[in-house]
1. What are the extents of the Cα atoms of the range 75-142 along their three principal axes, in Å, largest first?
2. State log₁₀ I(q)/I(0) for the range 26-82 at q = 0.19, 0.23 Å⁻¹ as given by the Debye formula over alpha-carbon point scatterers of equal weight, solvent excluded.
3. What is the spread of the Cα atoms of the range 108-171 along each of their three principal axes, largest first, in whole Å?
4. How many Å³ per residue does the convex hull of the Cα positions in the range 124-208 occupy?
5. Please compute P(r) over all alpha-carbon pairs of the range 46-198, binned at 5 Å starting from zero, and give each bin as a whole-number percent.
6. Starting from the range 130-221, pick out the GluC sites (Glu not before Pro) whose DSSP state is loop and whose Cβ has at most 14 other Cβ atoms within 10 Å.
7. If you restrict to DSSP beta bridges whose two residues both lie in the range 1-143, what percentage is antiparallel, to the nearest 5?
8. Using only the Cα atoms of the range 28-135, what are the Rg and Dmax in Å?
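What follows is calculated from the coordinates using simple rules that are stated; it is not laboratory data. Only a predicted model underlies this, so the values are computations on that prediction, with no experimental measurement involved. Cβ coordinates were reconstructed from backbone atoms using ideal geometry, including for glycine residues, and neighbour counts include every protein chain displayed.
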Amino acid sequence: MTTSSSERGVSLGMPELPAPAYPDDVRERLERDAREVIARYPDSRSALLPLLHLVQSEEGHVTRTGMQFCADVLGLTTAEVTAVATFYTMYRRKPSGDYQVGVCTNTLCAVMGGDAIFEELQEHLGVGNGETTDDGKVTLEHIECNAACDFAPVVMVNWEFFDNQDPASAKRLVDDLRAGRPVEPTRGARLCTFKDTARILAGFPDERPGAVEESGSAGPASLVGLRLAKGEVAPARVVHPRDGGPHDEPQGKAVHDPSPAEHLSSHDAPQESSASDPAHPAGPVAEEGE
């Protein structure tokens with residue numbers, strides 16, 4: 001005996017209708033912006049990524065209408081545009097909040113507390129990964145490395161950094177966003193909405209007074225290696241053992257006051273190597289082929 005497709009739980013459905021067109025005034029404005037974007041590139045196809053940001057700035061996510069628009073102005077198929085739009089996670093495929101709150105859960109941020117932050121924010125906001133609060137303000141997601149490991153754990157809002165977070169500070173952050181209170185990133189420009197961020201990523205200037213100057217550069221923790229390479233000496237910093245406090249010094253023994261150049265943590269103390277111990281040079285222990 002055979003079973004029907006409905007009995008097997010298979011829904012054939014109807015073919016999807018063509019994407020609706022933008023209103024005439026919106027399409028005219030987007031076409032004007034698109035011409036400016038395309039003119040930056042020797043090959044118009046190279047403009048696809050910023051054009052996807054452009055249509056995302058219109059509706060807050062990349063719609064079928066937006067992908068059809070990109071295909072039309074670039075002479076591509078919708079399949080070619082969809083392949084790109086679905087590959088990059090910065091392009092949203094469904095309606096999102098004014099603020100994209102991303103918690104880094106990659107290795108270092110995770111072990112430093114990122115997993116705990118993400119779990120508590122899910123409970124605090126009542127949403128899961130990639131979901132948006134009922135008021136349309138916050139979309140929560142876990143994200144991969146944002147190249148800010150020296151400030152772990154990191155939370156990003158519309159791609160601006162909030163460094164050295166913990167569950168309490170992250171919950172205050174999302175509460176302020178939902179209440180409309182001013183929020184300042186740890187470094188970088190002041191926050192704007194996700195739609196405004198998408199337009200900036202499309203390559204259009206940030207017209208807010210002073211926002212460009214606020215963008216800054218790498219934070220101080222990221223520049224430590226560069227300063228050491230230039231011969232600058234960092235100030236001394238006492239790093240206590242992992243058991244919670246300094247070891248007691250034997251009675252009568254003078255406490256050593258380390259110089260700034262010394263390694264003060266056993267975790268980064270120099271180890272014997274061929275360079276520091278000529279009696280034990282590094283190298284193969286046998287001739288090649290033996």
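1. The Cα atoms of the range 75-142 stretch 46, 31, 14 Å along the principal axes, largest first.
2. -0.56, -0.84
3. 34, 20, 18
4. Details: hull volume 9.5 nm³, N = 85.
Residue-normalised Cα hull volume stands at 111 Å³.
5. The distribution over the range 46-198 is 2, 10, 19, 19, 18, 14, 9, 6, 3, 0, given as percents.
6. On the way: sites: 131, 141, 144, 160, 207, 213, 214; in loops: 144, 207.
Loop-located and lightly packed - 144, 207.
7. Values: 2 of 8 bridges.
Beta bridges within the range 1-143, antiparallel portion: roughly 25 percent.
8. 17.2, 49
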